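For reference, the structure is listed below as C-alpha coordinates.
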Amino acid sequence: MIAEEGTMLVEKGPILVEEGPMLAEEGTMLVEKGTMIEEGRTMLVEKGPILAEEKTILLESKDLLSDFITVLVVELQSLMGMFLYLPHGISSSPYSHLLDPNMWVEIYDVFTRDACSLLGLSVDSPLSVCVNAGCTALPALLNIKQVMLQRQVTGIWNGKDELPIEIDLGQDSRYHSVFACPILRQQSTENNPPMRLICGHVISRDALNKLSNGNKLKCPYCPIEQSPSDARLIYF
Ligand SMILES: [Zn+2]
(Lines give C-alpha, C1' and ligand atoms only; values in the text may rest on other atoms or scores of the structure.)
Protein backbone atom coordinates (compact mmCIF):
# COMPACT_ATOMS: atom_id res chain seq x y z
CA MET A 1 0.00 0.00 0.00
CA ILE A 2 2.68 2.42 0.98
CA ALA A 3 4.64 1.54 -2.16
CA GLU A 4 1.51 2.20 -4.32
CA GLU A 5 0.86 5.55 -2.67
CA GLY A 6 4.51 6.40 -3.17
CA THR A 7 4.19 5.73 -6.93
CA MET A 8 1.03 7.93 -7.15
CA LEU A 9 2.71 10.76 -5.33
CA VAL A 10 5.74 10.53 -7.60
CA GLU A 11 3.39 10.65 -10.63
CA LYS A 12 1.48 13.66 -9.29
CA GLY A 13 4.72 15.50 -8.53
CA PRO A 14 5.37 16.81 -12.10
CA ILE A 15 1.67 17.70 -12.55
CA LEU A 16 1.72 19.79 -9.39
CA VAL A 17 4.97 21.41 -10.49
CA GLU A 18 3.23 22.41 -13.77
CA GLU A 19 0.13 23.72 -11.99
CA GLY A 20 2.25 25.84 -9.66
CA PRO A 21 3.01 28.73 -12.09
CA MET A 22 -0.59 28.65 -13.41
CA LEU A 23 -1.94 29.09 -9.91
CA ALA A 24 0.53 31.89 -9.32
CA GLU A 25 -0.71 33.61 -12.53
CA GLU A 26 -4.33 33.19 -11.50
CA GLY A 27 -3.41 34.64 -8.12
CA THR A 28 -1.94 37.76 -9.76
CA MET A 29 -5.08 38.13 -11.94
CA LEU A 30 -7.35 37.85 -8.92
CA VAL A 31 -5.32 40.48 -7.08
CA GLU A 32 -5.60 42.77 -10.15
CA LYS A 33 -9.35 42.18 -10.40
CA GLY A 34 -9.65 42.90 -6.69
CA THR A 35 -7.95 46.28 -7.19
CA MET A 36 -10.29 47.09 -10.12
CA ILE A 37 -13.39 46.20 -8.11
CA GLU A 38 -12.11 48.34 -5.25
CA GLU A 39 -11.53 51.26 -7.65
CA GLY A 40 -15.03 50.81 -9.12
CA ARG A 41 -16.52 50.85 -5.65
CA THR A 42 -14.71 54.12 -4.81
CA MET A 43 -16.04 55.66 -8.05
CA LEU A 44 -19.60 54.57 -7.29
CA VAL A 45 -19.37 55.95 -3.76
CA GLU A 46 -18.09 59.25 -5.16
CA LYS A 47 -20.81 59.35 -7.81
CA GLY A 48 -23.55 58.54 -5.32
CA PRO A 49 -24.62 62.17 -4.73
CA ILE A 50 -24.51 62.93 -8.49
CA LEU A 51 -26.70 59.91 -9.23
CA ALA A 52 -29.13 60.99 -6.51
CA GLU A 53 -29.30 64.42 -8.14
CA GLU A 54 -29.93 62.84 -11.55
CA LYS A 55 -32.71 60.77 -10.06
CA THR A 56 -34.34 63.91 -8.65
CA ILE A 57 -34.04 65.64 -12.04
CA LEU A 58 -35.56 62.63 -13.80
CA LEU A 59 -38.43 62.35 -11.32
CA GLU A 60 -39.13 66.08 -11.53
CA SER A 61 -39.05 66.07 -15.31
CA LYS A 62 -41.46 63.13 -15.31
CA ASP A 63 -43.98 65.26 -13.40
CA LEU A 64 -43.36 68.43 -15.38
CA LEU A 65 -43.06 67.03 -18.88
CA SER A 66 -45.59 64.17 -18.92
CA ASP A 67 -48.28 66.54 -20.22
CA PHE A 68 -46.21 67.25 -23.34
CA ILE A 69 -45.20 63.68 -24.19
CA THR A 70 -47.80 63.29 -26.94
CA VAL A 71 -46.80 66.44 -28.83
CA LEU A 72 -43.04 66.53 -28.14
CA VAL A 73 -42.01 62.87 -28.38
CA VAL A 74 -38.76 63.43 -30.32
CA GLU A 75 -37.69 66.45 -28.24
CA LEU A 76 -38.30 64.63 -24.94
CA GLN A 77 -36.48 61.51 -26.14
CA SER A 78 -33.50 63.69 -26.96
CA LEU A 79 -33.70 65.38 -23.55
CA MET A 80 -33.83 62.04 -21.73
CA GLY A 81 -30.88 60.78 -23.79
CA MET A 82 -28.92 63.84 -22.71
CA PHE A 83 -29.31 62.89 -19.04
CA LEU A 84 -27.18 59.78 -19.64
CA TYR A 85 -24.20 62.05 -20.28
CA LEU A 86 -24.66 64.16 -17.16
CA PRO A 87 -21.87 62.47 -15.13
CA HIS A 88 -19.25 63.11 -17.84
CA GLY A 89 -20.53 66.54 -18.84
CA ILE A 90 -23.01 67.34 -21.61
CA SER A 91 -20.60 69.75 -23.30
CA SER A 92 -18.48 66.82 -24.51
CA SER A 93 -21.49 64.63 -25.42
CA PRO A 94 -23.40 64.23 -28.71
CA TYR A 95 -26.01 66.52 -27.10
CA SER A 96 -23.65 69.49 -26.71
CA HIS A 97 -25.72 71.47 -29.25
CA LEU A 98 -28.44 71.76 -26.57
CA LEU A 99 -26.10 74.03 -24.58
CA ASP A 100 -25.57 76.39 -27.52
CA PRO A 101 -26.02 80.02 -26.27
CA ASN A 102 -28.17 80.67 -29.36
CA MET A 103 -30.81 78.40 -27.82
CA TRP A 104 -31.52 81.15 -25.27
CA VAL A 105 -32.19 83.65 -28.06
CA GLU A 106 -34.54 81.14 -29.68
CA ILE A 107 -36.32 80.40 -26.37
CA TYR A 108 -36.73 84.15 -25.72
CA ASP A 109 -38.38 84.52 -29.12
CA VAL A 110 -40.63 81.47 -28.65
CA PHE A 111 -41.75 82.65 -25.19
CA THR A 112 -42.54 86.17 -26.46
CA ARG A 113 -44.57 84.79 -29.37
CA ASP A 114 -46.45 82.29 -27.19
CA ALA A 115 -47.21 84.90 -24.51
CA CYS A 116 -48.49 87.40 -27.11
CA SER A 117 -50.53 84.68 -28.79
CA LEU A 118 -52.10 83.63 -25.46
CA LEU A 119 -52.97 87.24 -24.59
CA GLY A 120 -54.19 87.96 -28.12
CA LEU A 121 -51.62 90.72 -28.57
CA SER A 122 -49.35 91.55 -31.47
CA VAL A 123 -45.69 90.49 -31.27
CA ASP A 124 -44.72 93.52 -33.35
CA SER A 125 -44.91 97.10 -32.13
CA PRO A 126 -48.29 98.91 -32.49
CA LEU A 127 -46.65 101.31 -34.97
CA SER A 128 -45.52 98.55 -37.30
CA VAL A 129 -48.97 96.91 -37.03
CA CYS A 130 -50.59 100.21 -38.10
CA VAL A 131 -48.15 100.72 -40.99
CA ASN A 132 -48.70 97.14 -42.19
CA ALA A 133 -52.48 97.50 -41.95
CA GLY A 134 -52.25 100.76 -43.92
CA CYS A 135 -50.11 99.14 -46.61
CA THR A 136 -52.60 96.28 -46.95
CA ALA A 137 -55.64 98.55 -47.10
CA LEU A 138 -54.24 101.36 -49.26
CA PRO A 139 -54.66 99.75 -52.74
CA ALA A 140 -58.34 98.96 -52.04
CA LEU A 141 -58.92 102.49 -50.70
CA LEU A 142 -57.29 104.11 -53.75
CA ASN A 143 -59.44 101.90 -55.93
CA ILE A 144 -62.71 102.88 -54.25
CA LYS A 145 -61.69 106.55 -54.33
CA GLN A 146 -61.18 106.29 -58.09
CA VAL A 147 -64.58 104.65 -58.56
CA MET A 148 -66.28 107.29 -56.39
CA LEU A 149 -64.62 110.10 -58.36
CA GLN A 150 -65.83 108.57 -61.63
CA ARG A 151 -69.40 108.26 -60.38
CA GLN A 152 -69.24 111.64 -58.66
CA VAL A 153 -70.38 110.31 -55.31
CA THR A 154 -67.38 111.49 -53.26
CA GLY A 155 -69.78 113.02 -50.75
CA ILE A 156 -70.49 109.56 -49.31
CA TRP A 157 -66.92 109.46 -48.01
CA ASN A 158 -67.31 112.23 -45.50
CA GLY A 159 -63.88 111.66 -43.95
CA LYS A 160 -65.19 110.69 -40.51
CA ASP A 161 -63.95 107.71 -38.50
CA GLU A 162 -65.60 105.15 -40.75
CA LEU A 163 -64.31 103.86 -44.09
CA PRO A 164 -66.80 103.51 -46.99
CA ILE A 165 -65.94 99.81 -47.42
CA GLU A 166 -64.82 97.00 -45.17
CA ILE A 167 -61.27 95.80 -45.82
CA ASP A 168 -60.20 92.39 -44.57
CA LEU A 169 -56.68 92.60 -43.12
CA GLY A 170 -56.41 88.83 -42.63
CA GLN A 171 -56.33 86.62 -39.57
CA ASP A 172 -52.82 87.77 -38.59
CA SER A 173 -54.03 91.30 -37.92
CA ARG A 174 -56.84 90.30 -35.57
CA TYR A 175 -56.04 90.85 -31.92
CA HIS A 176 -57.80 90.57 -28.61
CA SER A 177 -59.47 93.85 -27.62
CA VAL A 178 -57.75 95.85 -24.91
CA PHE A 179 -59.41 98.40 -22.67
CA ALA A 180 -57.64 101.54 -21.57
CA CYS A 181 -59.36 103.45 -18.79
CA PRO A 182 -60.26 106.95 -20.08
CA ILE A 183 -59.88 108.38 -16.55
CA LEU A 184 -56.59 106.81 -15.42
CA ARG A 185 -55.25 106.37 -18.97
CA GLN A 186 -54.00 102.89 -18.15
CA GLN A 187 -54.65 99.55 -19.77
CA SER A 188 -56.98 97.40 -17.66
CA THR A 189 -55.55 94.42 -15.81
CA GLU A 190 -56.95 91.50 -13.82
CA ASN A 191 -56.58 93.58 -10.66
CA ASN A 192 -58.04 96.68 -12.26
CA PRO A 193 -60.71 95.42 -14.69
CA PRO A 194 -63.15 97.54 -16.72
CA MET A 195 -66.50 98.30 -15.03
CA ARG A 196 -69.70 99.19 -16.89
CA LEU A 197 -71.76 101.92 -15.25
CA ILE A 198 -75.57 101.85 -15.50
CA CYS A 199 -75.43 104.67 -18.08
CA GLY A 200 -73.35 102.43 -20.37
CA HIS A 201 -70.02 104.21 -19.93
CA VAL A 202 -67.04 102.10 -18.95
CA ILE A 203 -64.18 103.05 -16.62
CA SER A 204 -61.65 100.98 -14.68
CA ARG A 205 -62.38 99.78 -11.15
CA ASP A 206 -59.60 101.93 -9.65
CA ALA A 207 -61.10 105.00 -11.33
CA LEU A 208 -64.55 104.00 -10.09
CA ASN A 209 -63.24 103.73 -6.52
CA LYS A 210 -61.51 107.11 -6.81
CA LEU A 211 -64.60 108.84 -8.22
CA SER A 212 -66.98 107.27 -5.69
CA ASN A 213 -68.14 109.51 -2.93
CA GLY A 214 -69.46 107.13 -0.32
CA ASN A 215 -72.49 105.47 -1.87
CA LYS A 216 -72.69 107.94 -4.73
CA LEU A 217 -70.93 108.10 -8.07
CA LYS A 218 -71.26 110.65 -10.82
CA CYS A 219 -70.42 109.31 -14.27
CA PRO A 220 -67.54 111.44 -15.59
CA TYR A 221 -69.23 111.52 -19.04
CA CYS A 222 -73.03 111.86 -18.70
CA PRO A 223 -72.95 112.70 -15.72
CA ILE A 224 -75.69 110.44 -14.32
CA GLU A 225 -75.65 109.92 -10.59
CA GLN A 226 -75.61 106.29 -9.51
CA SER A 227 -74.40 103.87 -6.86
CA PRO A 228 -70.90 102.36 -7.36
CA SER A 229 -72.34 98.94 -6.45
CA ASP A 230 -74.53 99.05 -9.60
CA ALA A 231 -71.44 98.93 -11.83
CA ARG A 232 -70.84 95.55 -13.50
CA LEU A 233 -67.53 93.91 -14.29
CA ILE A 234 -66.84 93.49 -18.00
CA TYR A 235 -65.13 90.32 -19.23
CA PHE A 236 -63.21 90.28 -22.50
ZN1 LIG B 1 -72.24 107.78 -18.18
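The values are calculated or read from the model by the stated rules, or taken from the named source; none is laboratory data. Here the structure is a predicted model, which is why all the values come from computation and not from measurement. Here Cβ is always computed from backbone atoms with ideal geometry, including for glycine, and neighbour counts include all displayed protein chains. Calculation scope for accessible area: heavy atoms of the full protein, side chains included, ligands and nucleic acids excluded. Shrake-Rupley method; radii C 1.70, N 1.55, O 1.52, S 1.80 Å.
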For the range 179-184, take each phi angle, set θ = phi - 60°, evaluate the Karplus expression 6.51 cos²θ - 1.76 cosθ + 1.60, and give the result in whole Hz per residue in order, putting x for glycine and proline.
10, 10, 5, x, 8, 8
Going from most exposed to least, what order do Asp124, Asp206 have by accessible area with a 1.4 Å probe?
Asp124, Asp206
Spatially proximal lysines relative to Lys62 (Cα-Cα < 27 Å; intrachain offsets below 8 disregarded):
Lys47
I'd like the accessible area for Ser117: 1.4 Å probe, protein heavy atoms, all chains in place, Å² to the nearest 10.
90
Folded to 0 to 90 degrees: helix 2-65 orientation relative to the chain principal axis, Cα:
10
Where labels lie 7 Å past Cα in the beta-carbon direction, separation of Gln146 and Phe236 in nm
3.8
Which of these, Leu23, Leu184, Leu121, has the largest mean-square fluctuation under a Gaussian network model of the chain (Cα springs below 10 Å)?
Leu23
Using only Cα atoms and rounding to the nearest 10 degrees, what angle (0 to 90) does helix 73-83 make with the longest principal axis of the chain?
50
Taking only Cα atoms and a 10 Å spring cutoff, compute GNM fluctuations for the chain and point out the largest among Thr28, Thr112, Thr136.
Thr28
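Counting only C-alpha contacts under 8 Å and six or more residues apart, can you give the relative contact order of the range 91-236 as a whole percent? Kindly include the intermediate steps, with their values, before the conclusion.
Numbers: 118 pairs, mean separation 20.7, N = 146.
After rounding, I find 14 percent.
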In nm, spacing of pseudo-spin labels at Leu119 and Lys62 (7 Å Cα→C-beta vector)
3.7
Tell me, in nm to one decimal, what length is gained between Val71 and Lys218 on full extension, where the rule is 0.36 nm per residue of separation less the Cα-Cα distance?
47.6 nm
Rounded if a/c is under 1.5, else prolate if a/b beats b/c, else oblate: with a ≥ b ≥ c from the C-alpha gyration tensor eigenvalues square-rooted, which is the range 17-88?
prolate
Would you kindly derive the ³J(HN,Hα) couplings of the range 210-220 from the backbone phi angles with the Karplus curve 6.51 cos²θ - 1.76 cosθ + 1.60 (θ = phi - 60°), listing them in order in whole Hz, with x for Gly and Pro?
5, 7, 5, 10, x, 9, 10, 9, 9, 4, x
Return one number: the angle in degrees, 0 to 90 and rounded to the nearest 10, between the long axis of the Cα atoms of helix 102-119 and the longest principal axis of the Cα atoms of the chain.
40
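Would you mind getting the accessible area per residue of the chain, heavy atoms of the protein chains only, 1.4 Å probe, in Å²?
Values: 19190 Å² over 236 residues.
Result: 81 Å² per residue.
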Can you pull the three principal axis extents for the Cα set of the chain, in Å, largest first?
141, 60, 28
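Expressed as a whole percent, how much of the Cα-Cα distance distribution for the range 78-151 exceeds 15 Å?
Details: 1988 of 2701 pairs.
Percent of Cα pairs beyond 15 Å in the range 78-151: 74.
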Taking amide H positions as placed in the peptide plane 1.01 Å from N, state which residues far from Ile203 in sequence (5 or more) or on other chains have amide H under 5 Å from it.
Met195, Leu197
